[in-house]
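Novice: Input: one structure, supplied below.
The values are calculated or read from the model by the stated rules, or taken from the named source; none is laboratory data. The structure presented is a predicted model; accordingly, all values stated were derived computationally and were not measured. Positions of Cβ are generated from backbone atoms using ideal geometry, with glycine treated the same way; all protein chains shown enter the neighbour counts.
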Amino acid sequence: MQAKTVFFDLDGTLTRSGEGIMNSARWAAEQMGCRQAPEDWSVFIGPPLHDSFRKYCGMNDADAVEAVRLFRVRYDEAGWSENEVYTGIPKLLRTLRQSGIQLAIVTSKAEKFTLRIAERFGLSPYMSGIIGPDLSEKHPDKAHLIRRAMEQFPGPYVMVGDRIFDIEGAKACGIASIGVLYGYGTLEEFESAGAVAASPDELLTLLAGEGCQAPGLFLSMEGVDGCGKSTQTAALTEEMRRLGWHIVMTREPGGDEIAEKIRHLILDPANTEMRDVTEAYLYAASRAQNARALIMPTLKNGDLVICDRYVDSSIAYQGGGRELGVDKIRQLNAWATENCMPDLTVYLRMEPHQALARRLNASEPDRLEREKDSFFERTFEAYEALYAGPDGGRVVTVDASAPIGAVTEEMLRKVRMRLAELAAGV
């Protein structure tokens with residue numbers, strides 16, 4: 001379907017927003033002492049709120065106006081964040097932008113909330129515009145909003161939405177439409193739609209054609225042993241899931257079955273006679289397997305890789321800690337990975353003595369964790385030197401010595417900022 005500009009509805013099309021909308025509508029009705037209530041509060045997702053309070057709660061015009069006001073109070077405080085992006089939407093938006101198609105959100109949701117949601121959930125950088133009603137508009141008609149958007153962007157246009165209001169609005173404006181079945185609508189609502197998509201991947205094929213695919217993103221986690229990588233990797237993974245990414249998790253050394261066997265060999269405390277150079281080559285061998293078996297295919301498919309340690313760890317541990325030389329380790333791993341490097345690296349910065357004490361209290365130490373303090377000092381210094389140089393451009397540094405909650409908050413805030421920069425560059 002040829003288009004120069006694609007208009008997206010928000011709720012049920014880009015984000016799974018039902019929880020926040022239903023909770024806020026139910027709360028507003030309760031505050032109004034409403035005796036009539038719908039069996040399923042999902043009917044509030046999509047159409048104008050004023051109309052829904054009148055239709056489903058039996059309110060008169062004045063009460064509906066007050067109910068909308070109360071809805072917005074609760075939505076402003078909590079409802080807007082009870083939300084997540086549908087899996088596959090980042091891949092869709094990245095590919096369309098890379099194909100030169102302009103994107104805009106056209107929604108009946110108040111523009112104030114739409115802007116906040118689009119920024120928080122990583123949608124804003126892909127959008128050339130966001131069109132919605134202001135808080136004073138009681139009956140935001142979808143056709144009116146679409147016409148407003150058409151004045152700002154070049155045609156031909158396609159309107160993508162999950163409810164009949166999106167399809168009818170597009171028809172009234174004389175433009176094509178696609179109904180999405182993964183949202184809150186039904187197939188019956190899309191009889192007049194130009195096409196129907198059951199998933200974001202099907203939607204991508206309809207809009208960009210078969211085989212059109214922007215590359216995915218590669219995130220890595222780094223830091224000395226004991227810095228809290230496991231905890232923060234779990235938090236990062238959950239955040240990226242809420243942002244709509246299909247995620248493949250891996251670790252180093254390790255990854256697939258072959259790389260995991262190499263991992264066991266490297267970390268086995270019984271292998272006390274392993275030479276430093278042998279260790280460096282084993283790490284590179286595991287990484288060569290992991291990159292080709294998991295990382296590269298995932299990126300080619302447009303999805304997200306999160307890797308617990310990568311090349312930087314070898315540069316720090318073997319290049320610095322083992323004193324084999326940073327440049328030698330870098331060259332070895334460039335060949336092993338075909339220069340496949342992360343788009344973004346989270347560096348959990350913690351002084352080595354503090355990190356190792358925390359790590360040794362957690363479990364039995366592996367072969368590397370039994371090294372002397374001087375080894376970890378050299379490793380830390382190598383990390384610091386690495387990220388003070390050109391490689392620091394892809395790095396988000398987080399103070400890992402702070403309380404866990406504060407570390408998570410700082411990390412996610414900085415990651416979202418960097419992701420916005422990467423999205424804007426697509």
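Novice: Of the conditions (1) within 30 Å of residue 380 (Cα to Cα); (2) among the aliphatic types (A, V, I, L, M); (3) in contact (Cβ under 8 Å) with a residue 40 or more places away in the chain, residue 207 satisfies every one except a single condition; which number is it?
Specialist: Checking residue 207 against (1) within 30 Å of residue 380 (Cα to Cα); (2) among the aliphatic types (A, V, I, L, M); (3) in contact (Cβ under 8 Å) with a residue 40 or more places away in the chain, the one that fails is (1).
Novice: Residues in region 405-426 that are more than 28 Å from residue 100 (Cα to Cα) and among the aliphatic types (A, V, I, L, M): how many?
Specialist: Count: 4.
Novice: For the subset of region 280-303 comprising residues that are of a type in the set (Ser, Thr, Tyr) and crowded, with 19+ Cβ neighbours inside 10 Å, which member is farthest from residue 330 (Cα to Cα)?
Specialist: Only one residue fits best here, namely 298.
Novice: Also, I was wondering about something else. Please count how many residues of region 1-14 are more than 17 Å from residue 164 (Cα to Cα), at pLDDT 95 or above and polar (S, T, N, Q).
Specialist: So the answer is 1.
Novice: Hey, among 194, 183, 179, which residue is under 19 Å from the mean Cα position of the chain (by Cα) and not assigned by TED's automatic domain parsing to the domain that holds residue 302?
Specialist: 183
Novice: What tally of residues in region 231-270 results from selecting those that are over 30 Å from residue 14 (Cα atoms) and assigned to a helix (DSSP H, G or I)?
Specialist: As a first pass, look at region 231-270 and keep what is over 30 Å from residue 14 (Cα atoms): 251-270.
Right, trim to assigned to a helix (DSSP H, G or I) and you get 257-267.
Total satisfying the criteria: 11.
Novice: Quick check on region 145-162: of everything there that is assigned to a loop (DSSP other than H, G, I, E, B) and not polar (S, T, N, Q), which residue is surrounded by the fewest Cβ atoms within 10 Å (Cβ to Cβ)?
Specialist: Across region 145-162, the extreme among qualifying residues is 151.
Novice: Any residue at all in region 405-414 that is polar (S, T, N, Q), in contact with a helix residue (DSSP H, G or I) (Cβ under 7 Å, 6 or more places away or on another chain), buried (at least 16 other Cβ atoms within 10 Å of the Cβ) and over 25 Å from residue 334 (Cα atoms)?
Specialist: Checked region 405-414: at least one residue is polar (S, T, N, Q), in contact with a helix residue (DSSP H, G or I) (Cβ under 7 Å, 6 or more places away or on another chain), buried (at least 16 other Cβ atoms within 10 Å of the Cβ) and over 25 Å from residue 334 (Cα atoms).
Novice: Next question. When you scan region 168-193, how many residues do you find that are hydrophobic (A, V, I, L, M, F, W, C) and not in a loop (DSSP other than H, G, I, E, B)?
Specialist: 7
Residue-wise test of (1) at pLDDT 95 or above; (2) more than 25 Å from residue 213 (Cα to Cα); (3) not basic (Lys, Arg).
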| position | (1), (2), (3) |
| --- | --- |
| 260 | yes, yes, yes |
| 266 | no, yes, yes |
| 271 | no, yes, yes |
| 274 | no, yes, yes |
| 278 | yes, yes, yes |
| 287 | yes, yes, no |
| 296 | yes, no, yes |
| 300 | yes, no, no |
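Novice: Checking residue 196 against (1) part of a strand (DSSP E or B); (2) loosely packed, with under 15 Cβ neighbours inside 10 Å, only one condition comes out false. Which one?
Specialist: Every condition holds for residue 196 apart from (2).
Novice: Kindly list the number of the only condition in (1) of a type in the set (S, T, N, Q); (2) out of contact with any Gly (no Cβ under 9 Å at 6 or more places or on another chain); (3) more than 30 Å from residue 208 (Cα to Cα) that fails for residue 2.
Specialist: Unmet condition: (3).
Novice: Now, a different point. Among 117, 89, which is surrounded by 20 or more Cβ atoms within 10 Å (Cβ to Cβ), among the hydrophobic types (A, V, I, L, M, F, W, C) and closer than 20 Å to residue 5 by Cα?
Specialist: Criteria check complete, one pass: 89.
Novice: Then there is this: Can you pull out every residue in region 199-210 that is within 22 Å of the chain's Cα centre (by Cα) and surrounded by fewer than 22 Cβ atoms within 10 Å (Cβ to Cβ)?
Specialist: 199, 201, 202, 205, 208 - these are the residues of region 199-210 that are within 22 Å of the chain's Cα centre (by Cα) and surrounded by fewer than 22 Cβ atoms within 10 Å (Cβ to Cβ).
Novice: Are any residues in region 304-328 of a type outside the set (S, T, N, Q), buried (at least 24 other Cβ atoms within 10 Å of the Cβ) and more than 23 Å from residue 232 (Cβ to Cβ), and if so, which ones?
Specialist: Listed by number, the list holds a single entry, 319.
Novice: Would region 163-173 turn up any residue that is surrounded by fewer than 21 Cβ atoms within 10 Å (Cβ to Cβ), in contact with a Ser or Thr (Cβ under 9 Å, 6 or more places away or on another chain), at pLDDT below 95 and closer than 18 Å to residue 3 by Cβ?
Specialist: Within region 163-173, not a single residue is surrounded by fewer than 21 Cβ atoms within 10 Å (Cβ to Cβ), in contact with a Ser or Thr (Cβ under 9 Å, 6 or more places away or on another chain), at pLDDT below 95 and closer than 18 Å to residue 3 by Cβ.
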